[in-house]
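The values are calculated or read from the model by the stated rules, or taken from the named source; none is laboratory data. Quick caveat, the model's predicted, so the values are computed rather than measured. Note that we place each Cβ from the backbone using ideal geometry, even for glycine, and neighbour counts take in every protein chain shown.
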Amino acid sequence: MTSAPPTDLRAAAHERTLRLRIGDMSCATCALRVERALLKVPGVRAATVNVADETATVQGDAALEPAVLAQAVERAGYRALRSTETLAISGMTCASCAGRVERALARVPGVLTAAVNLATERATVETLGATPRELLHNAVERAGYGCEATLAIAEARAGDYDAILLIGGRAPEYLRLNDALIAL
């Protein structure tokens, strides 16, 4: 005879933890305002904000949407920083493959949008701040395809890119093109 798993294990299976990068905080009071705003979001069980590293860790229901958390942060007067990843996807042969990769990426905690272009074999993924690249790569690989990061852009303000991180085999090409533009 088997018994039901303990309640806390069942609850843990239906929980989600998201980590967000928050901009424009300057003090502990700012962190407290963001924390309170996040705790008001339906489904949030806990929120911890660290002003020093500008992050918020949120625990809640599995259905918790990153976009809803970002809206709460922005309504409180702060910025939920977004990042855009471009991934090179290999092994896709049709539109169904592209759809499968999009769905796999969309299920990764912290992903706001995922769009796959079959013709260019690229996926563009918008995330809320601190979504580890490994999670994106693993999702694509679990779906049965190959994945390599090409270029990640961390957007600090709308239309203003404060940081460009070069990853994977495309970095030398980007640097060469960038140098050519500067030389003009």
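Whenever a residue of segment 102-118 is without any contact (Cβ under 8 Å) to a residue 12 or more places away in the chain, its partners that are surrounded by 14 or more Cβ atoms within 10 Å (Cβ to Cβ) and not small (G, A, S), lying with C-beta atoms within less than 8 angstrom and at least six residues away or across chains, give the pairs A106/T113. Taking segment 105-127 as the range and being in a strand (DSSP E or B) and touching a Gly at 6+ places or on another chain (Cβ under 8 Å) as the test, the residues that pass are V116, T127.
Across segment 119-131, the qualifying residues are those that are closer than 26 Å to L18 by Cα and of a type in the set (S, T, Y), and the one among them that is surrounded by the fewest Cβ atoms within 10 Å (Cβ to Cβ) is T124. With respect to (1) more than 17 Å from the chain's Cα centre (by Cα); (2) over 18 Å from R142 (Cα atoms), the lone exception for L112 is condition (1). The residues of segment 128-161 that are of a type in the set (K, R) and either at pLDDT 95 or above or not in a strand (DSSP E or B) (or both), listed by number, are R133, R142.
Report yes if V116 is more than 26 Å from T55 (Cα to Cα) and either touching a strand residue (DSSP E or B) at 6+ places or on another chain (Cβ under 7 Å) or crowded, with 17+ Cβ neighbours inside 10 Å (or both), otherwise no. In short, yes.
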